[in-house]
Amino acid sequence: MNIRTKLEQKEEIILSPFAQKSSKTRGRLKEEDECDIRPAFQHDRDRIIHSKSFRRLKHKTQVFLSPAGDHYRTRLTHTLEVSQIARTIAKALFLNEDLVEAIALGHDLGHTPFGHAGEDVLNKIHEGGFRHYEQSLRVVDLLERDGEGLNLTFEVRDGILKHSKGKGEIISRDEADKPATKEAEVVRASDIIAYINHDIDDAIRGSIITEEDLPGDSRKFLGNTTSDRIDGMVRGVITETLKQDDLNVTLGKELEYHMVKLRSFLYEMVYDSHIVHDDFIKCSRIIKDLYFYFLGNPDAFLAETGRDDYYDEPAVCVSDFVAGMSDRYAFSLFGKVFLPLPWNIPG
């Protein structure tokens with residue numbers, strides 16, 4: 001008996017009957033020999049961590065554009081905070097931590113440079129629209145490993161695709177929108193717990209808001225520090241979910257009310273504030289100009305990407321290219337393409 005099999009047997013003993021067991025995965029897009037040490041979801045997590053798209057998250061905007069301070073979040077630190085919160089909840093519910101971690105680490109791989117501003121402009125100019133959660137799935141299925149993809153399991157892919165809620169319900173009540181596993185529902189809740197709290201923290205650090213600006217009833221319910229609020233939300237999810245006979249991940253009415261209220265507060269006071277929004281208008285121009293330049297100049301696109309030909313429709317390839325850029329690469333490339341360089345006369 002190999003190590004993977006022993007670990008799979010351990011899951012059967014320890015995990016909740018409602019947990020997704022590694023040995024019961026619905027499989028991968030392409031059949032392959034499983035690792036003799038790592039269960040399937042642990043193997044998926046490792047593939048995501050070692051991917052190029054994961055490493056690029058360190059230079060992608062969360063809220064503040066290319067922050068000079070060391071302590072502002074990036075898309076990478078956001079991802080790690082989601083993973084930590086999701087693992088805490090999953091462990092308390094006796095769900096599969098490896099699956100939760102893999103979904104959490106992969107959920108934002110398709111995010112554009114410049115945060116949601118980049119996503120918004122690509123969605124407007126790219127035929128068929130653009131949604132980062134669909135792009136995240138495209139990254140792991142098709143774009144990583146020079147077009148081979150990561151060949152992840154169905155459960156991780158499903159969780160990545162269905163993690164996003166935007167301004168919609170935190171926990172979806174629409175069966176068509178619900179993910180296939182409890183673990184994916186945990187990540188969906190953890191994503192908003194993470195960004196509500198770290199975006200408030202960063203906005204306070206950036207002097208856009210103060211602690212006293214937060215809704216008073218939400219501060220009274222959840223506390224006056226980032227740590228207190230995260231703790232209250234995590235405990236609320238665990239407590240309310242354990243009350244459900246089928247371990248259906250839930251928040252409870254009062255917690256959900258305050259989470260939605262804080263999210264709305266962030267949109268009004270932070271994301272749409274002129275301090276943040278004005279920079280993103282400029283960034284939108286960068287995305288738009290690069291997209292149309294490379295769409296209209298095939299030779300330049302192929303030269304910049306090092307390809308001999310398109311692997312899909314030109315607009316799709318250009319969208320993939322632009323969406324995959326880090327903030328600093330987009331800045332650099334914009335300068336290279338559109339800004340004149342000083343003429344260095346020999347001699």
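Derived value for the range 175-287: Kirkwood hydrodynamic radius 15.5 Å. Basis is the mean of 1/r over every pair of different alpha-carbon atoms.
Looking at the square roots a ≥ b ≥ c of the eigenvalues of the Cα gyration tensor of the range 116-206, which shape do they give, rounded for a/c under 1.5, prolate if a/b is larger than b/c, or oblate? Verdict is oblate for the range 116-206. Rounded if a/c is under 1.5, else prolate if a/b beats b/c, else oblate: with a ≥ b ≥ c from the C-alpha gyration tensor eigenvalues square-rooted, which is the chain? Taking the square roots of the gyration eigenvalues as a ≥ b ≥ c, the chain is oblate. When nucleic acids and ligands are ignored and a 1.4 Å probe is applied, Glu254 ends up with an accessible area of around 110 Å².
When only Cα pairs below 8 angstrom with a gap of at least 6 residues are kept, the range 17-89 shows a relative contact order of 19 percent.
In terms of the mean number of neighbouring beta-carbon atoms within 10 Å, the peptides 323-330, 245-252 order highest first as 323-330, 245-252. Computed over the chain with a Gaussian network model linking Cα atoms closer than 10 Å, the most mobile of Asp299, Asp158, Asp279 is Asp299. Think of each Lys and Arg Cβ as +1 and each Asp and Glu Cβ as -1; about the Cα centre, that makes the dipole of the chain roughly 440 debye. Ordered by solvent-accessible area of protein heavy atoms (1.4 Å probe), largest first, the residues His107, His59 come out as His59, His107.
Comparing Val100, Val234, Val316 in a Gaussian network model of the chain (Cα springs below 10 Å), the most mobile by mean-square fluctuation is Val316.
Measuring with a 1.4 angstrom probe and ignoring ligands and nucleic acids, Phe221 comes out at about 80 Å² accessible. For Lys6, the lysines whose Cα comes closer than 19 Å to its Cα, not counting residues fewer than 8 places off in the same chain, are Lys21, Lys24. Compared with the direct C-alpha span, the chain from Lys30 to Glu304 gains 95.6 nm at full extension, assuming 0.36 nm per residue.
Give me the Debye-computed log₁₀ of I(q)/I(0) at q = 0.16, 0.21 Å⁻¹ for the range 33-103, equal point scatterers on Cα only, no solvent, two decimals. For the range 33-103, the Cα-only Debye profile gives -0.66, -0.93. Packing here is the average count of other Cβ atoms within 10 Å per residue, and on that basis the peptides 280-289, 206-215, highest first, run 280-289, 206-215. Using a Gaussian network model on the chain with a 10 Å cutoff between Cα atoms, which of Leu302, Leu222, Leu105 fluctuates the most? Answer for the Gaussian network model of the chain: Leu302. In terms of the mean number of neighbouring beta-carbon atoms within 10 Å, the peptides 224-230, 18-24 order highest first as 18-24, 224-230. Across the range 230-347, the convex hull enclosing all Cα atoms gives 213 Å³ per residue. When only alpha carbons are used to place a centre, the range 152-222 and the range 22-64 end up 21 Å from one another.
The values are calculated or read from the model by the stated rules, or taken from the named source; none is laboratory data. As the structure is a prediction and not an experimental result, all values here were calculated from the model. Backbone-built Cβ (ideal geometry, glycine too); neighbour counts: all protein chains shown. The area values use the complete protein model at the heavy-atom level, side chains included, leaving out ligands, DNA and RNA. Shrake-Rupley method; radii C 1.70, N 1.55, O 1.52, S 1.80 Å.
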